[in-house]
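S.K.: Can you read through this structure? Questions will come right after.
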Amino acid sequence: MRGKLLPLASLYLVQGLPYGLQSGLLPTLLRARGLSLTRVGLAKALYAPWLFKLAWAPLVGARGSARAWLARSTAALGLVCGLLAALPPSESGQAGLPAAAVGLLLLLNLGAAVQDVALDTLAMQLLEPAELGPGSTAQDMVTVPGTLWTASFVLTYKLGEQGANSLFPLLLLDHGASAAELGLWNGLGAVACSIAGSFLAGVLLARHWKPLPLLGSVLQLRLGGLACQTALLFHLDTLGASLHPSTALKGEGLSLGLRAGPLGCVVLLPSVLPGAALLSLCLQHFLGGLVTTTTFTVMMRCSQLAPSALQATHYSLLATLELLGKLLLGTVAGALVDTLGLHPCFFFLLILSTLPILGLGLAPSTLA
């Protein structure tokens, strides 16, 4: 079993790093250059190649082996990453991204999306049903047991989380957080926390935890974490507080700082705010990794119920819907804040994060 899972985990890490680093670093960079929240959200159009995985999933399954597609796409990722690293620094005062960087980022996402299709196909060929946790027509696919519920769930389960994850770092930046430190924590820190959450989910599933009950527990934890993050953000907004650069990394923001407010309520002192903000950021990415890995296990179980000739396309359909759900709120969240205001927008995100918990009660028994 380990001989299968370690190579697959390594390849999933290689495939996920470009997406994870872009989602964490690129919005911070653009916001630091003065772009509005609406325009920063529209930059997620660079992820468009991921939405068209369904178009080439049958091609990967029909022409050549999954291993060959995997080798070509991984080599292409390495080449594009090298070209991106070789780009000269952008000129001072330039608000957006250079055209060369935009083109290379699109190619990077295209290569990662092709690799994802090939890797998912290979994983379903190699893994037995018990190993899923750690590791012809549309009508035919829809009739696979559990498909309609799974498609609806994966389209909606990340809406609130992705909206908050897109906005929270940018709003911290507006409150005076250092762009360099925020980029580090929301880039590498977020990826590390997400991987840790995914690893924990794999361990729990390998120890025979049922995916749906585990999913219910972690979704509730995620909702609680988002509620705390929302309260912290409202606290910052009400106080008009500034997050002093460098206090978080020096540990000053991790000290306990509480006092009684005007009505006897507890108020965080400014010294604790940077640490609380970064802790909230990392916790949400950790819980997001837990939720994602458990959900992908459910998706694989559903796809393995399809005929073998349809499994790769079926899974690509579910994965495309999952990504579409991620991008929907991430793209328009900035516009919602600019239009509705901070408080209504985050209350809306909390409501969206409650819906998948309720939806688990409708899950078909075939996926249990």
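Values quoted throughout were computed directly from the atomic coordinates according to the rules given, and no laboratory measurement underlies them. This structure is a prediction, so every number in the text was calculated from the model and none was measured. Positions of Cβ are generated from backbone atoms using ideal geometry, with glycine treated the same way; all protein chains shown enter the neighbour counts.
S.K.: Sort 296-308, 204-216, 315-327 by the packing proxy (mean of other Cβ within 10 Å over each peptide's residues), most packed first.
M.R.: In decreasing order of mean packing, 296-308, 204-216, 315-327 become 315-327, 296-308, 204-216.
S.K.: Now a separate question. Give me D116, D174 sorted ascending by neighbouring Cβ count inside 10 Å, so fewest comes first.
M.R.: Going from sparsest to densest Cβ surroundings: D174, D116.
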